[in-house]
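Following: one structure in C-alpha cells, then a few remarks.
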Amino acid sequence: MNDDTNFEEPLVKVRRRIEELAAMPDDAAHRREIEKLQVRLERLSREIYGNLNPWQKTLVARHPNRPYMLDYVSALLTDFVELHGDRKFSDDAAIVAGFGSFRGRAVSVVGHQKARDTKEKIRRNFGMARPEGYRKALRVMQLAEKFGRPILSFIDTAGAYPGIDAEERGQAEAIAVNLKEMASFHVPIIVIITGEGGSGGALAIGIGDRVLMLEHSIYSVITPEGCAAILWKDASRKKEAAEALKLTAADLKELDVIDEIVPEPPGGAHADPAAASAAVGEALDRHLQEVIALTAEERRERRYRKFRAIGRFEIAGA
C-alpha cells in the first residue's frame with residue numbers, strides 16, 4: 001500500500017463492512033459487531049489523521065466529499081439570498097456572495113465554491129475565480145460595509161484562474177483592489193480556510209480581523225505541484241515541496257499567519273460534514289462576538305497591524 005496516497009484504505013474497509021452489516025437483517029449479533037467496528041473506525045481515524053504528512057493533508061484538503069462553501073451556508077445560515085454579477089462583465093460561479101442570517105445576526109457571506117460532478121465543476125471553474133468573481137465579492141462586501149453587516153469569508157481554491165481571458169480583464173488589478181478595500185472596511189471580517197487556500201486567489205477574499213483554518217486545510221502561495229515544477233522542473237517532487245512550503249494549519253499557526261485551527265471530526269470534515277459544520281459555526285460565532293466588541297477604528301487598526309506583522313526571516317552572516 002502506498003502510504004502517501006492510500007492512507008484512507010483501512011478506513012474504507014471498515015466503513016464498507018459496517019455498511020454490509022447494516023444491510024443485513026437486524027439482530028443483536030450484528031448490532032454488537034457494528035458497535036465494535038464503529039469504535040475501531042474512530043480509533044483508526046484518530047491514529048491515521050493524527051499523523052498525516054503535509055502532502056497527505058493536501059490530499060485531504062482536496063477531497064471531493066469535503067464540505068464546500070454552500071454546504072456550510074446551508075448548515076449555518078438562514079434566509080440566504082445570493083447576489084449575482086459584478087455590474088461590469090458577467091457573473092462568475094466560482095465565487096458565491098450574498099446575505100443571510102447567522103445565529104440571529106444579519107451577515108454578508110463570500111466564498112469560493114467547488115463542485116463534485118463534471119458539469120458543475122466546469123460551471124464553477126473548479127473554484128478558480130476570474131476577475132468578475134472577485135469584483136462580485138467586492139460589490140457584496142461594499143454593501144456590507146454600507147449597511148454595517150459583518151463579513152464571513154470562506155476560502156477554498158487552488159488559486160485565481162490563470163487563463164489569458166482573466167488576465168485580459170484585469171485579474172491582478174481585481175485582486176489588488178480587494179486587498180486594499182478589505183483592509184479599509186470598518187465592519188468585522190472573519191475568514192476561514194475550509195479546504196485549499198491558494199495564492200492571490202485566496203488572499204483576494206482573505207483579509208480579515210481573524211483568519212481561521214480547518215485542521216486539515218492548507219494555505220500557500222503556490223500548490224506543491226507548481227512549486228516542484230518551478231524549483232526542480234519535476235512536479236513529481238510535490239511531497240518534498242509540500243514539506244518545504246509550510247502549508248499546514250499547524251505550520252501557519254506557529255508562524256502567526258492564522259489565528260486559530262478549527263478541529264475536524266475523526267477522519268476529516270468529509271467523514272462527518274455535520275460535525276465539521278458545527279465546529280465551524282462555533283468558531284465563527286466566538287470570533288465574531290469578540291471582534292464586534294471592538295470599535296470600528298480598533299478593528300481597522302488591529303487588522304492593519306496583523307497583516308503588517310506577518311513574515312519571519314533570518315539574516316545570514318555578513
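Derivation of every value follows stated rules applied to the coordinates shown; laboratory data play no part. Because the structure is a prediction, the values reported are computed rather than measured. Neighbour counts run over all protein chains shown; Cβ positions are idealised from the backbone, glycine included.
Computed quantities for the displayed model
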quantity	calculated
Whole-angstrom gap from the stretch 43-60 to the stretch 274-318, using each part's C-alpha centre	26 Å
Normalised contact order of the stretch 129-196, rounded percent, pairs of Cα under 8 Å and 6 or more residues apart	54 percent
Bins of 10 Å from zero: percent of alpha-carbon pairs in the stretch 58-308	8, 33, 39, 17, 2, 0
Residue-span extension gain [Glu20 to Leu294] - 0.36 nm each, minus C-alpha spacing	93.3 nm
Added length on full extension, which subtracts the Cα-Cα distance from 0.36 nm per residue, Ser236 to Ser90	48.8 nm
Cα long-axis angle, helix 171-184 against the chain (0 to 90 degrees, to the nearest 10)	80 degrees
Relative contact order (percent, whole number), the stretch 189-318, Cα cutoff 8 Å, 6+ residue spacing	23 percent
Per-pair calculated FRET efficiency, R0 = 35 Å: Arg123 and Leu37 via Cβ, rounded to 0.05	0.35
C-alpha long axis of helix 131-147 to longest principal axis of the chain, angle in °	70 degrees
Simple label model, 7 Å out from Cα along Cβ direction - Ile164 to Glu181, nm	2.9 nm
Among Ala228, Ala115, Ala94: highest mean-square fluctuation, GNM of the chain, C-alpha pairs under 10 Å	Ala228
Contact order relative to length of the chain, as percent, for alpha carbon pairs under 8 angstrom and 6 or more apart	16 percent
Size of electric dipole in the stretch 58-308: Cβ of Lys, Arg +1 and of Asp, Glu -1, about Cα centre, debye, nearest 20	420 debye
Modelled FRET efficiency - R0 45 Å, Arg46 with Arg308, Cβ distances, 0.05 increments	0.70
Gain on full stretching of the segment that runs from Asp285 to Glu254 - 0.36 nm per residue minus C-alpha separation	8.8 nm
Charge context of Leu138, other residues only, Cβ under 9 angstrom, K/R +1, D/E -1	+1
Helix 9-22 vs. the chain, principal-axis angle (Cα, 0 to 90°, nearest 10)	60 degrees
